[in-house]
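The values are calculated or read from the model by the stated rules, or taken from the named source; none is laboratory data. What you see is a predicted model; the values in this text were computed from it and never measured. Cβ coordinates were reconstructed from backbone atoms using ideal geometry, including for glycine residues, and neighbour counts include every protein chain displayed. Accessible surface is based on the protein model in full, side chains and every heavy atom, while ligands, DNA and RNA are left aside. Shrake-Rupley method; radii C 1.70, N 1.55, O 1.52, S 1.80 Å.
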Amino acid sequence: MLEILKEPWPWYVSGPLIGLTVPVLLILGNKSFGISSSLRHICAACIPANISFFKYDWKKESWNLFFVFGIFLGGVIAAYFLANPNPIEISPELSTKLAAYGITDYNGLVPAQLFSWESLFTLRGFIMIVAGGFLVGFGTRYAGGCTSGHAIMGISNLQWPSLVATICFMIGGFVMTLLILPYILSL
């Protein structure tokens, strides 16, 4: 059983498990699934400022904080007890393309040449980590939610704005991957 947990799960197992969170949340308490809203709840609980965005009853949404803590705890357990010691497997074509940009270390979850303290102080690392993080945060707030909230919860509730947001997320991902990322990696 432990070996099964250590291996990557195929999409046809993990996808339905993630998708089943929607009806479970709706049936158990009419709750909506989303991760980005938890940052707002944390700020509302911890920052007693006179900011209208944080003036609401965050205690009604405290279940979301426990949910996010469970995700964090699950990640810690998986990293320390269920980690696969083998390097990440990628296709030979992708390996060749990444090697042309100087990315050859696949021992961690993400390449150390891109995501490390040393790379943070390079132009490429700063753009990838700091600017990318800012754009993800800004886009999440601008779109009114993250990919989990819109793509998993919103579309399953047949919400038109969530479909539009998810299509925009996908287009943005394709543009980033195919057009912008090669330029950033060449820096």
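Each label point was placed 7 Å from the Cα along the Cα-to-Cβ direction; for Tyr106 and Asn84 their separation is 1.0 nm. Relative to one another, the C-alpha centroids of region 90-155 and region 162-180 are positioned 14 Å apart. Residue order by solvent-accessible surface for Val164, Val136 is Val136, Val164, largest first, with ligands and nucleic acids left out and a 1.4 Å probe. Element breakdown for the chain at a 1.4 angstrom probe: carbon and sulfur atoms account for 73% of the accessible area. Among the listed options [x] -0.42, -0.51, -1.25; [y] -0.69, -0.82, -1.51; [z] -0.68, -0.77, -1.14, the one matching log10 I(q)/I(0) by the Debye sum over Cα atoms at q = 0.11, 0.12, 0.18 Å⁻¹ as calculated from these coordinates is [y]. Here is what passes the span test in the chain: the DSSP H helices with alpha carbon length of 24 Å or more along the helix axis and a Kyte-Doolittle mean of 0.0 or above are 62-81.
Annotation note: GluC sites (Glu not before Pro) in region 1-101 located in DSSP loop regions with a Cβ neighbour count of at most 16 within 10 Å are Glu89. Label-to-label distance for Ser91 and Phe126 is 3.4 nm, based on points extended 7 Å past Cα in the beta-carbon direction.
Rounded to 0.05, the FRET efficiency of the Leu65 and Ile155 pair, given R0 = 22 Å and the Cβ-Cβ distance, is 0.35. Measuring spread by the Cα atoms of region 89-167 yields a radius of gyration and Dmax of 16.8, 44 Å. Within a straight-line Cα-Cα reach of under 21 Å, Lys59 can be paired with the following lysines, leaving aside sequence neighbours fewer than 8 residues apart in one chain: Lys31.
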